[in-house]
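The values are calculated or read from the model by the stated rules, or taken from the named source; none is laboratory data. The structure displayed is predicted, hence computed values, not measured ones. So basically every Cβ, Gly included, is an ideal-geometry build from the backbone, and we count neighbours across all protein chains shown. Side chains are part of the model used for accessible areas, which takes the heavy atoms of the whole protein and leaves out ligands, DNA and RNA. Shrake-Rupley method; radii C 1.70, N 1.55, O 1.52, S 1.80 Å.
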Amino acid sequence: MASHPPLVLVHGLWDTPRLFHRLQERLGDRRFPLLVPHLPIWLGRTPVEELARILGSHIEAAFGPHTPIDLLGFSMGGVIGRTWIQLQGGHCRTRRFISVGSPQQGTPTAQPWPRWLVAGIADMKLASPLLHELNSNPATLQAVECSSFYCPSDLMVVPGWRAVLPVGSRQALPVLTHQQLMREPAALDVLTTELLRP
């Protein structure tokens, strides 16, 4: 019998599932089954709520409607995962949610982008309607074991502490840039340890 539930890894803007190859190499066969869906973010044009519905359909197709899962989201992927958990019933089956460098409190780097052009990026603006809804009603998120990891000097999520959930543990990782959160051994060591916890 597996010691962990299935693990779902959710990539962010401008990324593909290849983003997680180094993390997957470290995990080996110690986190199986594993789902790493390729979401149609389309350079930020797809709204986050639509991406969350697509994520939910991938999870149900892979594991059925009830199997508990752990979910890790990187960057925009963490907001997508959180939206599925809080607004689309994902809290009922999510054991752990790990947010890595995700603009859970919004980021100024999204401010210049108009919603009509890139709705997904606009969803990550400071006090966007989506983030306001998520942060105003964290009850469903409190039913999940949450942890946030961030880069203090992040230039994508500015300042870095905005990449934290309103509940759960928070930890800064010893890297200098946003992408290093998924590339540098110092970050991957911490994330691997987190994902292998019983």
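When residues in the range 134-144 are screened for being touching a Ser or Thr at 6+ places or on another chain (Cβ under 9 Å) and surrounded by fewer than 22 Cβ atoms within 10 Å (Cβ to Cβ), 1 of them pass. Among P17, P37, P33, which is free of Cβ contacts under 8 Å to residues at least 24 places away in the same chain and in contact with a strand residue (DSSP E or B) (Cβ under 8 Å, 6 or more places away or on another chain)? From the options P17, P37, P33, the qualifying one is P17. For the range 109-124, residues that are open to solvent by 50 Å² or more (accessible area, probe 1.4 Å) and part of a loop (DSSP other than H, G, I, E, B) total 6. When every residue of the range 187-196 is checked against the conditions, at least one turns out to be outside any helix (DSSP H, G or I) and more than 14 Å from the chain's Cα centre (by Cα).
A single entry from G73, G106, G77, G81 fulfils the requirement of being within 22 Å of W42 (Cβ to Cβ), in a strand (DSSP E or B), of a type in the set (G, A, S) and open to solvent by less than 10 Å² (accessible area, probe 1.4 Å): G73. Applying the condition of being open to solvent by 50 Å² or more (accessible area, probe 1.4 Å) and part of a loop (DSSP other than H, G, I, E, B) to the range 1-27 and asking which residue is farthest from H91 (Cα to Cα) yields W14. Taking each residue of the range 147-161 that is of a type in the set (S, T, Y) and looking for partners that are open to solvent by 50 Å² or more (accessible area, probe 1.4 Å) and not in a loop (DSSP other than H, G, I, E, B) with beta-carbon atoms closer than 6 Å, six or more apart or interchain, yields S147/S169; S148/R170.
Kindly indicate whether R95 is under 17 Å from the mean Cα position of the chain (by Cα), under 18 Å from P6 (Cβ atoms), of a type in the set (D, E, K, R) and surrounded by fewer than 21 Cβ atoms within 10 Å (Cβ to Cβ). It is true that R95 is under 17 Å from the mean Cα position of the chain (by Cα), under 18 Å from P6 (Cβ atoms), of a type in the set (D, E, K, R) and surrounded by fewer than 21 Cβ atoms within 10 Å (Cβ to Cβ). The requirement of being modelled with pLDDT of 95 or more, at negative phi, surrounded by fewer than 15 Cβ atoms within 10 Å (Cβ to Cβ) and in a loop (DSSP other than H, G, I, E, B) is satisfied by L176.
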